[in-house]
Amino acid sequence: MDYTNLIESALKAKENSYAPYSKYRVGAAVLTKDGKIYAGCNIENAAYPSGICAEKTAISKAVSEGNREFLAIAIVADSNDYPTPCGECRQFISEFVKPDLKVILAKSTNDYKTFDFAELLPLSFKLER
């Protein structure tokens, strides 16, 4: 699958990051089953831990619009390494996805790694449905 548009959306969202404390800008974009892309950035706050991570912003935007079926999520950051979601985000993501969700950790549209979500959080706890 070509993830170029998804990664580009995450990169664009990263530009809107509000990270005056960590100086670590993050962008994320989720692809829904119906082909829509929702993007978000990290937003820090002096009242730590009141900030919100990019992954949570993107998923929250989708969920608030009534979209809860995801195929992939791309994550980018101001880093020389492939950015990975924090533990809290991994658990948050697990609430809404299947184990085979594609997670794209990207440095650019040409330099990324892809994982199944279950590889990042193999034993998540969640509501039985």
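When residues of the range 82-125 are filtered for being loosely packed, with under 12 Cβ neighbours inside 10 Å, closer than 19 Å to TYR24 by Cα and modelled with pLDDT under 95, how many remain?
1
Just wondering, is there one or more residues in the range 69-76 that are out of contact with any Lys or Arg (no Cβ under 6 Å at 6 or more places or on another chain), assigned to a loop (DSSP other than H, G, I, E, B) and in contact (Cβ under 8 Å) with a residue 12 or more places away in the chain?
Looking for residues that are out of contact with any Lys or Arg (no Cβ under 6 Å at 6 or more places or on another chain), assigned to a loop (DSSP other than H, G, I, E, B) and in contact (Cβ under 8 Å) with a residue 12 or more places away in the chain, one finds none in the range 69-76, hence no.
Within the range 24-31, can one find any residue that is surrounded by fewer than 23 Cβ atoms within 10 Å (Cβ to Cβ), part of a loop (DSSP other than H, G, I, E, B) and either aromatic (Phe, Trp, Tyr) or in contact with a Ser or Thr (Cβ under 8 Å, 6 or more places away or on another chain) (or both)?
In the first step, residues of the range 24-31 are kept if they are surrounded by fewer than 23 Cβ atoms within 10 Å (Cβ to Cβ); the result is 24-25.
Restricting the remaining residues to those that are part of a loop (DSSP other than H, G, I, E, B) gives 24-25.
The next check asks that each one be either aromatic (Phe, Trp, Tyr) or in contact with a Ser or Thr (Cβ under 8 Å, 6 or more places away or on another chain) (or both); those that pass are 24-25.
Within the range 24-31, one or more residues are surrounded by fewer than 23 Cβ atoms within 10 Å (Cβ to Cβ), part of a loop (DSSP other than H, G, I, E, B) and either aromatic (Phe, Trp, Tyr) or in contact with a Ser or Thr (Cβ under 8 Å, 6 or more places away or on another chain) (or both).
Only one of ASP34, ASP100 is in a loop (DSSP other than H, G, I, E, B) and either under 23 Å from LEU123 (Cα atoms) or free of Cβ contacts under 8 Å to residues at least 12 places away in the same chain (or both); which?
Exactly one of ASP34, ASP100 is in a loop (DSSP other than H, G, I, E, B) and either under 23 Å from LEU123 (Cα atoms) or free of Cβ contacts under 8 Å to residues at least 12 places away in the same chain (or both), namely ASP100.
The values are calculated or read from the model by the stated rules, or taken from the named source; none is laboratory data. Keep in mind that what you see is a predicted model, and the values were worked out from it rather than measured. Using ideal geometry, Cβ is built from the backbone for each residue, glycine included, and neighbour counts are taken over all protein chains shown.
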